[in-house]
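S.K.: Input: one structure, supplied below.
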Amino acid sequence: MAGSKPIGILALQGAVEPHAEKFKKLGISTRLVKNSQQLRDISAIVLPGGESSTMVLLLKRFELWEPLRLFAQSKPTWGVCAGSILLAKKVTHPEQSSLALMNFEVSRNAYGRQANSFIDDISPTNHWPTQYLPPNPLQGVFIRAPKITACDQSVSELFYWNEELVMVQQEHLLASTFHPELAESTIFHRYFLDLCERYS
């Protein structure tokens, strides 16, 4: 992505720095996004894990809600954990506002509280390209993770954990209910960068 705008990371709240470190390892510059003007300076954006209801509150308080929704309609966007809740068409347990850009439903904190966080192997579907498969199993870090409960045919299923869907894609939009930035592998960040190339 030489010469292109940097990757943005929404930086109002949540696990921001680990994503910046992953992209840095891949030689990619990032920019923290805290206001709508900064959306003009990036080519794509990561919506990190954190507390989704707090993110909704801050996005609206800082007048970023609608600019972010318009940006993500056409630019590569990756929602991670809480970020996946922001992208979902419908949010339950309890219901919550979302950008409603991806055609799946999500249940908040479906795996329990922070004390119930866990790390386990996750399995790719046939939609996941073989060039992104390492010799060892990939791990998913689940922290107060949401659960994808339904999706339509416009959504590609990419990864499962114990037969439960944990990563999906809809054209230029990507969502994962686990935290790839907290695991050792950079494969998921490389996949997002290639997604950015395809939809630039």
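The values are calculated or read from the model by the stated rules, or taken from the named source; none is laboratory data. Quick caveat: nothing in here was measured; it's all calculated off a predicted structure. Here the Cβ positions follow ideal geometry from the backbone for every residue, glycine too, while neighbour counts run over all protein chains shown.
S.K.: Would you call residue 24 surrounded by fewer than 21 Cβ atoms within 10 Å (Cβ to Cβ), modelled with pLDDT of 95 or more and outside any strand (DSSP E or B)? Step through it out loud before you land on a result.
M.R.: Values: surrounded by fewer than 21 Cβ atoms within 10 Å (Cβ to Cβ): yes; modelled with pLDDT of 95 or more: yes; outside any strand (DSSP E or B): yes.
Spelling it out, residue 24 is indeed surrounded by fewer than 21 Cβ atoms within 10 Å (Cβ to Cβ), modelled with pLDDT of 95 or more and outside any strand (DSSP E or B).
S.K.: Criterion first (in contact with a Pro (Cβ under 8 Å, 6 or more places away or on another chain) and under 16 Å from residue 80 (Cα atoms)) does residue 39 satisfy it?
M.R.: Numbers: in contact with a Pro (Cβ under 8 Å, 6 or more places away or on another chain): yes; under 16 Å from residue 80 (Cα atoms): no.
It is false that residue 39 is in contact with a Pro (Cβ under 8 Å, 6 or more places away or on another chain) and under 16 Å from residue 80 (Cα atoms).
S.K.: Here's another thing I want to ask about it. Kindly indicate whether any position in region 127-143 is closer than 21 Å to residue 17 by Cβ, among the hydrophobic types (A, V, I, L, M, F, W, C), touching a helix residue (DSSP H, G or I) at 6+ places or on another chain (Cβ under 8 Å) and not in a loop (DSSP other than H, G, I, E, B). Before you say what the answer is, go through the steps one by one.
M.R.: Going residue by residue through region 127-143, those that are closer than 21 Å to residue 17 by Cβ are 139-143.
Filter again for among the hydrophobic types (A, V, I, L, M, F, W, C), leaving 141-143.
Subset that is touching a helix residue (DSSP H, G or I) at 6+ places or on another chain (Cβ under 8 Å): 141, 143.
Applying the additional criterion that residues be not in a loop (DSSP other than H, G, I, E, B) yields 141.
Yes: region 127-143 contains one or more residues that are closer than 21 Å to residue 17 by Cβ, among the hydrophobic types (A, V, I, L, M, F, W, C), touching a helix residue (DSSP H, G or I) at 6+ places or on another chain (Cβ under 8 Å) and not in a loop (DSSP other than H, G, I, E, B).
S.K.: For the subset of region 105-129 comprising residues that are within 18 Å of residue 175 (Cα to Cα) and out of contact with any strand residue (DSSP E or B) (no Cβ under 8 Å at 6 or more places or on another chain), which member is modelled with the lowest pLDDT?
M.R.: Only one residue tops the list, namely 109.
S.K.: Just the residues that are among the hydrophobic types (A, V, I, L, M, F, W, C), surrounded by fewer than 22 Cβ atoms within 10 Å (Cβ to Cβ) and either touching a His at 6+ places or on another chain (Cβ under 9 Å) or closer than 23 Å to residue 198 by Cβ (or both), please, taken from region 160-183. Spell out the reasoning first.
M.R.: If we filter region 160-183 for residues that are among the hydrophobic types (A, V, I, L, M, F, W, C), which is where we start, we get 161, 165-168, 173-175, 178, 182-183.
Of the ones still in play, those that are also surrounded by fewer than 22 Cβ atoms within 10 Å (Cβ to Cβ) are 161, 165, 182-183.
Correct list: 165 only.
S.K.: With (1) out of contact with any Lys or Arg (no Cβ under 7 Å at 6 or more places or on another chain); (2) farther than 28 Å from residue 190 by Cβ; (3) modelled with pLDDT under 95 as the list, and residue 65 as the residue in question, which single condition is left unmet?
M.R.: Every condition holds for residue 65 apart from (3).
S.K.: Right, next: Using beta carbons and a limit of 9 Å, which pairs, at least six apart or on different chains, have the first residue in region 143-158 and farther than 17 Å from residue 173 by Cα and touching a residue at least 60 places away in the same chain (Cβ under 8 Å) and the second one acidic (Asp, Glu) and in a loop (DSSP other than H, G, I, E, B)?
M.R.: 144/51
S.K.: On to the next question. Can you list the strands (runs of 3 or more DSSP E) lying wholly within region 29-116 that have 1 or more residues being in contact (Cβ under 8 Å) with a residue 40 or more places away in the chain and surrounded by 15 or more Cβ atoms within 10 Å (Cβ to Cβ)? Reasoning before the result, please.
M.R.: Working: elements: 30-33, 44-47, 77-80, 88-92, 102-107.
Hits in region 29-116: 44-47, 77-80, 88-92, 102-107.
S.K.: Go through region 137-176 residue by residue and tally those that are closer than 19 Å to residue 69 by Cα and of a type in the set (Asp, Glu).
M.R.: Adding up the residues that qualify gives 1.
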